[in-house]
1. For the chain, with every protein chain kept in place, what is the accessible area per residue (1.4 Å probe, Å²)?
2. May I ask you to compute the full-extension gain from GLU83 to LYS24, defined as 0.36 nm times their residue separation minus their alpha-carbon distance, rounded to one decimal in nm?
3. If I model a spin label at ALA36 and VAL63 as a point 7 Å from the Cα along the Cα→Cβ vector, what separation in nanometres do I get?
4. Which lysines, on any chain, are close to LYS86 with Cα under 16 Å apart, when same-chain ones fewer than 8 places away are left out?
5. What nm distance separates the two modelled labels at SER95 and ASP73, each placed 7 Å from Cα along Cα→Cβ?
6. Given a 1.4 angstrom probe, I'd like the percentage of the accessible area of the chain that is carbon and sulfur, rounded to a whole number.
Amino acid sequence: MDVLCSGDLYDTITKYGGTPVITKTGRALMTPSLKAEQALLGIEFSGHIMYRSSGYIEQPLMVAIDILQVLDDEQRSLNTISEDYKKWYRKPLLSIKVDNPD
């Protein structure tokens with residue numbers, strides 16, 4: 001997961017037995033870490049998801065199919081499931097100029 005992702009994602013990965021690894025933002029910066037860790041998937045705050053099985057190349061169609069599978073397995077609508085995650089609704093990032101970046 002990139003550094004912009006919330007602590008809730010970190011906690012959720014841990015809760016389900018995974019080992020979260022925080023990387024720099026951007027697929028080109030994440031890919032070396034994903035490969036080194038042999039991660040199952042990579043998640044960016046921007047919503048990009050990369051699977052190991054696809055060489056860590058973003059596969060939106062694969063993600064959509066996985067979401068549809070969860071909806072079918074749980075016999076719930078996307079609207080119902082999304083209610084569970086509203087507390088994580090993404091807020092815009094703020095950029096602040098500083099005089100001395102060090």
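The values are calculated or read from the model by the stated rules, or taken from the named source; none is laboratory data. None of these values were measured; they are calculated from a predicted model. Backbone-built Cβ (ideal geometry, glycine too); neighbour counts: all protein chains shown. The accessibility values were calculated without ligands, DNA or RNA, using every heavy atom of the protein model including side chains. Shrake-Rupley method; radii C 1.70, N 1.55, O 1.52, S 1.80 Å.
1. Details: 8050 Å² over 102 residues.
Normalised by residue count, the accessible surface of the chain is 79 Å².
2. Numbers: separation 59, 0.36 × 59 = 21.24 nm, distance 2.95 nm.
Stretched fully, the GLU83-LYS24 segment lengthens by 18.3 nm.
3. 2.4
4. Result set, ordered by chain and number: empty.
5. Each label point is offset 7 Å from its Cα along the Cβ direction, giving 3.9 nm.
6. So the carbon and sulfur contribution to the accessible surface is 57 percent.
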